[in-house]
């Protein structure tokens, strides 16, 4: 099945660089998508879909504020899954009027200082996502927010400490684990899964042994464990394949366990990913093996 340029942008978290697009598409295909307004260039070397601007219009039409995932995209942050509908927060007194199909509605009385131009401010957006979203999605937003510099870790921790009410425990959990070191949503989601099974790993760990040096997506020197997220794009060339084979062979030679996960498994087969992580932990501690879930693999060509 042919993947469109729009789908590639969304699989990259809602934004993609020219290099990310070229890994999947020809220059002609990208230029055609730009000419047809299927993707938009927001600034030099960064591309997105028209959804963000369309969702802002939906929020204004409802007299609400663009919020949660939609506001995250508006702020230029990457997300696990680009929402199909606009996330909009309206005042509690908005009433029982019909909700338009293109709106995912929330009711909350947002202080005026936390809304700018019909969009929740960056910190408010981050806290809303942490309260309302599953952990992996919320961590993806938080990582991207810190990576962008729009919100600092100090601001997030202070706000999390002060958070009260429903979802405040979720907010503090996200704040504790958020990191600017994660490169993309795939790494953030995978890290969330490792946290959920009790592993404490360092993002972008520098692995250094005699004769070996590498920077890996996630790792632990104490456990001698490396976990890598293999993106939607392929490694491409024979040279890239050889380099990858050498890299992971040397990890094994130097006594490191290397676990590698594909995009599809991290995003859509999370039960299997959790099982494999728990199974590795059980092997290290002579614990009973967890029951293996069904794992859907693509058919051989």
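Each reported figure results from applying straightforward, stated rules to the coordinates on display, with no laboratory input. Source: prediction; values computed, not measured. Note that each Cβ is placed from the backbone with ideal geometry, even for glycine, and that neighbours are counted across all protein chains shown.
Separation of region 12-41 and region 75-96, taken as the distance between their Cα centroids, equals 25 angstrom. By other beta-carbon atoms within 10 Å, ranking 254, 15, 135 with the fewest at the front produces 254, 135, 15. Just the number, please: Stokes-Einstein D of region 91-199 in µm²/s, Kirkwood Rh from C-alpha pairs, 25 °C, 0.890 mPa s. The Stokes-Einstein estimate is 165 µm²/s.
Tell me, what is a quarter of the convex hull surface for the C-alpha atoms of region 15-89, in nm² with one decimal?
On the way: hull surface 20.9 nm².
About 5.2 nm², averaged over all directions.
Among 161, 120, 194, the largest mean-square fluctuation in a Gaussian network model of the chain (Cα springs under 10 Å) belongs to 161.
Where only DSSP H runs of four or more residues are counted, the chain gives -13000 deg cm²/dmol as its mean residue ellipticity at 222 nm, each run worth -39500 (n - 2.57).
Taking every pair of Cα atoms in region 128-182, average 1/r, invert it to obtain the Kirkwood radius, and report Rg/Rh to two decimals.
On the way: Rg = 10.0 Å, Rh = 10.8 Å.
A ratio of 0.93.
Compared with the dominant principal axis of the Cα atoms in the chain, helix 168-177 is inclined by about 40°.
Over the chain, with a single point scatterer placed on each C-alpha, what log10 of the ratio I(q)/I(0) does the Debye formula yield at q = 0.07, 0.12, 0.13 1/Å? The Debye formula, applied to the Cα set alone, gives -0.31, -0.88, -1.02. For the chain, the longest principal axis of the Cα atoms and the long axis of helix 51-61 meet at an angle of about 30 degrees.
Among 32, 292, a tally of other beta-carbon atoms within 10 Å of each Cβ gives an order, fewest to most, of 292, 32.
Averaging the Cα positions of each part gives two centres, and for region 138-165 and region 245-266 these lie 31 Å apart.
Treat region 164-217 as a sphere of radius equal to its Kirkwood radius over Cα pairs and apply Stokes-Einstein at 4 °C in a medium of 1.567 mPa s; give the translational diffusion coefficient in µm²/s, rounded to a whole number.
Working: Rh = 12.9 Å.
In µm²/s, the coefficient rounds to 101.
Where a ≥ b ≥ c are the square roots of the eigenvalues of the C-alpha gyration tensor, would you call region 185-285 rounded, which needs a/c under 1.5, or, failing that, prolate if a/b is larger than b/c, or oblate? The partial results should precede the final answer.
Values: a/c = 1.80, a/b = 1.14, b/c = 1.59.
The shape class here is oblate.
Sort 213, 263, 47 so the one with the fewest other Cβ atoms within 10 Å of its own Cβ comes first. Don't skip to the answer; put the middle values down first.
Numbers: 213 10, 263 17, 47 23.
Sorted ascending by nearby Cβ count, the order is 213, 263, 47.
Each listed q (0.28 Å⁻¹) maps to a log10 I(q)/I(0) for region 5-48 from the Debye sum over equal C-alpha point scatterers, namely -1.03. Taking 168, 67, 26 as the candidate residues, the one with maximal mean-square fluctuation in a Gaussian network model of the chain, Cα springs under 10 Å, is 26.
Can you pull a Stokes-Einstein diffusion coefficient for region 1-145 at 10 °C (1.306 mPa s), Rh from Kirkwood over Cα pairs, as a whole number of µm²/s? Don't jump to the answer; show the numbers that get you there.
On the way: Rh = 15.8 Å.
Reported coefficient: 100 µm²/s.
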